[in-house]
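The values are calculated or read from the model by the stated rules, or taken from the named source; none is laboratory data. Everything numeric in this text was worked out from a predicted model, so none of it was measured. Neighbour counts are summed over all protein chains in view; Cβ atoms, including those assigned to glycine, are modelled from backbone coordinates with ideal geometry.
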Amino acid sequence: MSTPQAAQPTAADITPHKGKLGIMIPGMGAVATTLIAGVEAVRRGFAQPIGSMSQMGTIRLGKRTDDRTPLIKDFAPLAPLEDLVFTGWDIFGGNLYDAAKTAAVLDRDQLDQMKPFLESIEPMPAAFEERYVKRLTAKDKKVGKNKCDLANQIRNDIAEFKTKTDRQVMIWCGSTEIYHEPKAVHQTLEAFEKGLVEDDPDIAPSMLYAWAALKEGIPFANGAPNLTVDIPALQELSKKMNAPICGKDFKTGQTFIKTVLAPGFKARQLGVSGWYSTNILGNRDGEVLDDPDNFKTKEVSKLGVLEHIFQPEKNPALYGDIFHKVRINYYPPRGDNKEGWDNIDIFGWLGYPMQIKVDFLCRDSILAAPLALDLCLFMDLAARTPALRGLGIQEWLSFYFKDPDTAPGVYPEHDLFIQSMKLKNTLRHIMGEPLITHLGLDYYGE
Ligand SMILES: NC(=O)c1ccc[n+]([C@@H]2O[C@H](COP(=O)([O-])OP(=O)(O)OC[C@H]3O[C@@H](n4cnc5c(N)ncnc54)[C@H](O)[C@@H]3O)[C@@H](O)[C@H]2O)c1
């Protein structure tokens, strides 16, 4: 007996994007201000949304001979940038013009062009616990009798924002929290909600925001490597509320390059004996990551990628003995302009060794902002799409993450090109277009 096939989704199933899309951001530092100022700059025609697949990417439909390659934003019903409204939380108070000046990512002249707009957004007081981000001290934080009270204060903030917008998504652009592993309190929603009332120390501030968003039926994306929604309790809530979640830690600089190069070596059957990656970074993120407990969270997220791309257990002769090391050094003079070096020791035919050196002089938040934008738009699309919203984890958005989330027992895809194909095929699928397999034999038939 064959298993019943789910009906092929069509574009008509997707709820249209009428009205304002509210973007709620816990952590309004370098990435958040670069995202918001950037969206406003694009809306006002000052700049192009470079790096954003949703805005500049195209998608091929049908056969190569059909010549149908629209922009993704003209194909999928994404919210237009004109309809985005921003709010968020931070521990520093002030307004976003001041926050953007502190972050020092964008030129002062460019910021001044958008000064009234940026001044009009003031972060709300944060739910913050110093223990989770040791290098920062809060000026402006919520006070409550326990974590349940703090999380409910966030829900009240969300409820207020819901009166001004039609749909909402939340994206964590806050600091990297200390490393911690799932405990009993994270295993079920019931245990988690009991833990909120009992002020359980293993419930991190980022989890309070995620719980509040999901409880309100709002999708949640995670730009940092924090544990946050990677726990059964919040995955259960995500499915129950039809509120999508996805992976963690924006894949921007060094890891982005790593997941471009490594699939190339693997495709050519070139061996790798060592991959040493180091960075200097001088922004507030670099300062937070200077603490070993916070760095550990980032390190775990960065180390996973090679293991999954190379699959050393299946290719022991080529990848069975790799020495992989990742370092981040806080170096204030560079600010947001990170420098990442990679030394890659590879070997070829008969085992002869070769080396590759990469020196990436990048701009951290310039790389991250378009990813944050795409995630907001695609998570909103997922929430409006019956074929996606009840799934919980949106694996098709792995493209954006160092540490993609997957169903239990399914290994994550880290290869950037597989991720890109997965994303585009998911868009084709929900819009009722044939998937592209790249088989192409039909071009050569009679
Ligand atoms: N820029 C990149 O390329 C990149 C790539 C991957 C991941 N990330 C991650 O994105 C996050 C943001 O990076 P950034 O460069 O904007 O850092 P940032 O330090 O400039 O901004 C983070 C902000 O979060 C705030 N914050 C911390 N805890 C909070 C809480 N509980 N509630 C509300 N606000 C809180 C801080 O006060 C700070 O203003 C970091 O976790 C970083 O590791 C960045």
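Values for this structure:
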read-out: Search result, residues across the range 162-181 that are surrounded by fewer than 20 Cβ atoms within 10 Å (Cβ to Cβ) and either at pLDDT 95 or above or near the ligand (Cβ under 8 Å from one of its atoms) (or both); value: Lys162, Thr163, Lys164, Thr165, Asp166
read-out: Scope the range 345-368; condition surrounded by 18 or more Cβ atoms within 10 Å (Cβ to Cβ) and more than 24 Å from Tyr400 (Cβ to Cβ); matching residues; value: Ile346
read-out: Selection from the range 126-161 of residues that are near the ligand (Cβ under 10 Å from one of its atoms), part of a loop (DSSP other than H, G, I, E, B) and either within 24 Å of His17 (Cα to Cα) or basic (Lys, Arg) (or both); value: Arg135, Lys139, Lys142
read-out: Candidate set from the range 121-137 (those that are more than 21 Å from Leu227 (Cβ to Cβ) and not hydroxyl-bearing (Ser, Thr, Tyr)); member that is surrounded by the most Cβ atoms within 10 Å (Cβ to Cβ); value: Pro123
read-out: Any hit, the range 166-185, residues being in a helix (DSSP H, G or I) and touching a Ser or Thr at 6+ places or on another chain (Cβ under 8 Å); value: no
read-out: Residue within the range 375-388 that is out of contact with any Leu (no Cβ under 7 Å at 6 or more places or on another chain), buried (at least 20 other Cβ atoms within 10 Å of the Cβ), within 17 Å of Gln8 (Cβ to Cβ) and not acidic (Asp, Glu) present; value: yes
read-out: Residue count for the range 9-30, restricted to those that are more than 16 Å from the ligand (Cβ to nearest atom) and either in a loop (DSSP other than H, G, I, E, B) or in contact with a helix residue (DSSP H, G or I) (Cβ under 8 Å, 6 or more places away or on another chain) (or both); value: 13
read-out: Residue that is nearest to the ligand (Cβ to nearest atom) [pool: residues in the range 262-281 that are out of contact with any strand residue (DSSP E or B) (no Cβ under 7 Å at 6 or more places or on another chain) and either in contact (Cβ under 8 Å) with a residue 24 or more places away in the chain or closer than 27 Å to Leu227 by Cβ (or both)]; value: Ala262
read-out: Residue count, the range 48-81 (criterion: without any contact (Cβ under 8 Å) to a residue 12 or more places away in the chain and in a loop (DSSP other than H, G, I, E, B)); value: 4
read-out: Condition met for Leu150 (under 25 Å from Ala138 (Cβ atoms), surrounded by 22 or more Cβ atoms within 10 Å (Cβ to Cβ) and over 24 Å from the mean Cα position of the chain (by Cα)); value: yes
read-out: Of all residues making up the range 294-310, the number that are closer than 22 Å to Tyr179 by Cβ and more than 21 Å from the chain's Cα centre (by Cα); value: 0
